[in-house]
Amino acid sequence: MNQPPRDPHRVQTELEAALEAAAEQARLATRLQVADTELAAAEAQVTEARGRLADERADVARLESFSPTRIWAGLRGSRESDLDRERAEQQRAEYTVAVVELRRDRAREACAALRSAYDALGDVAARRAAALDAKAAWLAETGAPEAEELAQLASDLGAVRSTTTELREALGAADDAADALAQADNLLSSARGWSTADTFFDGGLLTDMVKYDRMDQAQALMRRADDALSDLGVELADVGMEPVGGIEITQLVRAFDVWFDNIFSDWAVRERIGEAATRVAEARGAVGEVRRRLVDRLLQAESKEAVLVARRDELLGAGT
């Protein structure tokens, strides 16, 4: 019994979808390689930071115990200052461990998400082969003279749609980064009022838990901005974008979390807040420029896709 004629639009659409899935799988495979490398580096940082913390704890323990170190420090009359210094260094080491562990956890989550997306695509090679077979069979049935151009259109549409997906993901990352930086900017603008002499030295920030909480909020926003810029850097690499306006996004990544480190012991509060505000302003400008360029490229990609679709529909309509 004769098979019913194939629907040319359905055949072409499946081929385009299969080619787009193949392009997406290749992109995810590349990102997985990078993510695995970053995870290995993060694991190494955690191991190193935990080693330094163990050393700092040992230094504190020696001064707190009846050890030769404590006796010698006592004879020199410096035990309390030595112990304070070692405890501060231990706290810094504990903070560093917490930071690198967070980075490690994010790297693990990124790897898991990429693997899940990769696996969800299924057997892309088999799907592509089946779609090509269906297209070849349709062409054999119809003898359409537009076969070569239609095949090229399918390939071009798969590529441009993959690019469009990447650009939209990058634009989403830019919006997230812009939002995080805006919140950080607002809080740091308020923080300039905290750093007046009467607030810090008459009001007593060091004994005011409300002020502690505010600085914790600042630290959390810096961390969120750090993460958002890191995500944006990954997405920009996917679309091959270069640094903008002399400010490289990747140079700002993972810088925020050290600005308030040990802030209460070195008394550089106003300087730290000023530095953070300057960095955030620079980052906001860079992200804004990145976003503008991404929108331009996305509009171009969408326009190209519309032209290709129109030409495909024109050929398929003429071939039916």
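What follows is calculated from the coordinates using simple rules that are stated; it is not laboratory data. From a predicted model like this one, the values you see are computed outputs, not experimental measurements. Don't worry about glycine lacking a Cβ; one is built from the backbone with ideal geometry, like all the others, and counts go over all protein chains shown.
Between VAL34 and ALA126, the modelled labels are 3.1 nm apart [label points 7 Å from Cα along Cα→Cβ].
For the peptides 115-127, 49-61, the ranking by mean Cβ contacts within 10 Å, running from highest to lowest, is 49-61, 115-127. Count the net charge of all other residues whose Cβ sits under 14 Å from the Cβ of ALA112, scoring Lys and Arg as +1 and Asp and Glu as -1. Taking every other residue near ALA112 into account, the sum is 0.
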